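Some notes on the structure that comes next.
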Amino acid sequence: VGDWVETNAPVAEVSVAGLARKFTASSSQYISRPARVHGLPLTIGAIARRASASSTQGIAGIGAATDSWFELYFTTSAAAILSRNASGTAAVSAATVTSTSAFYTLVGVCHSTTSRSIYVNGTGKVTDTTSSAPDACTTEIIGAFYGSGAPAGLYLDGSIALVCIWNRALSDSEVAEWSANPWGVFTDERVYRYVAPVSSGFKSAWTVNAK
């Protein structure tokens with residue numbers, strides 16, 4: 001059997017709302033130990049929306065018992081990433097978001113100890129250069145905020161359709177490409193993809209694809 005040859009390759013058409021799973025803002029979260037990505041460089045991407053903008057809400061992150069973590073989250077007025085080292089130095093990059101109904105494609109990239117960026121829908125890059133980096137992370141969390149060596153609450157009031165974690169820093173062009181087709185690109189490399197399927201339980205049926 002020969003290989004398929006693509007010509008003007010069709011783009012997957014997926015209903016984001018149909019794939020997403022709702023988080024309750026009180027206790028919904030998913031935790032994976034051990035974490036599959038432990039430190040720099042790293043990238044976390046997510047398709048998420050919030051139902052309210054009244055509080056800080058965690059989307060996805062990795063962390064360690066030493067109070068070191070990297071978190072993608074919503075503030076009351078923005079999507080943000082926070083990088084914190086074991087000494088307590090925190091660095092934040094934030095990009096304004098306003099909707100409480102639209103899904104956003106969010107990407108947080110930690111290039112190095114002094115460089116991290118956040119993107120909203122593939123653009124709007126905001127970069128911070130404060131010296132702070134997570135190290136020896138042991139836990140992945142989805143739907144809440146990681147802090148103080150354990151899940152710290154700040155639960156998401158909203159929905160998540162997809163989370164991806166890379167053990168490298170995506171470039172600006174790769175972020176734009178992934179944001180345009182998050183189900184179809186960079187799936188043949190070392191990326192951990194957590195997908196909320198249509199018809200089965202969220203926790204048990206999320207899948208991890210890694211090479």
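The values are calculated or read from the model by the stated rules, or taken from the named source; none is laboratory data. This structure is a prediction, so every number in the text was calculated from the model and none was measured. Here Cβ is always computed from backbone atoms with ideal geometry, including for glycine, and neighbour counts include all displayed protein chains. Keep in mind that these areas ignore ligands, DNA and RNA; they rest on the heavy atoms of the full protein, side chains included. Shrake-Rupley method; radii C 1.70, N 1.55, O 1.52, S 1.80 Å.
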Flag if Ala80 is crowded, with 19+ Cβ neighbours inside 10 Å and either over 16 Å from the mean Cα position of the chain (by Cα) or at positive phi (or both): no
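Could you tell me whether region 137-151 includes any residue that is farther than 20 Å from Trp178 by Cα and touching a His at 6+ places or on another chain (Cβ under 6 Å)?
The answer is yes, given that some residue of region 137-151 is farther than 20 Å from Trp178 by Cα and touching a His at 6+ places or on another chain (Cβ under 6 Å).
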Of all residues making up region 59-76, the number that are at pLDDT 90 or above, of a type outside the set (A, V, I, L, M, F, W, C) and under 23 Å from Gly88 (Cβ atoms): 3
Given (1) without any contact (Cβ under 8 Å) to a residue 24 or more places away in the chain; (2) open to solvent by less than 10 Å² (accessible area, probe 1.4 Å); (3) under 12 Å from Ile44 (Cα atoms), index of the condition Leu106 fails: (1)
Residue that is modelled with the lowest pLDDT [pool: residues in region 15-58 that are touching a Cys at 6+ places or on another chain (Cβ under 8 Å) and open to solvent by 10 Å² or more (accessible area, probe 1.4 Å)]: His38
Any hit, region 88-101, residues being of a type outside the set (Gly, Ala, Ser), closer than 26 Å to Gly184 by Cα and at pLDDT below 90: no
Cross-chain or 6+ apart pairs with Cβ under 8 Å, region 82-100 first and closer than 10 Å to Asp67 by Cβ and assigned to a loop (DSSP other than H, G, I, E, B), then of a type in the set (Ser, Thr, Tyr) and open to solvent by less than 60 Å² (accessible area, probe 1.4 Å): Asn85/Ser68; Asn85/Ser132; Ala86/Ser68
Per-region count, region 157-177, residues in a helix (DSSP H, G or I) and surrounded by 22 or more Cβ atoms within 10 Å (Cβ to Cβ): 1
Selection from region 44-62 of residues that are more than 13 Å from Gly158 (Cβ to Cβ) and out of contact with any Gly (no Cβ under 7 Å at 6 or more places or on another chain): Gly45, Gly61, Ile62
Of all residues making up region 83-98, the number that are of a type in the set (Val, Ile, Thr) and open to solvent by less than 10 Å² (accessible area, probe 1.4 Å): 1
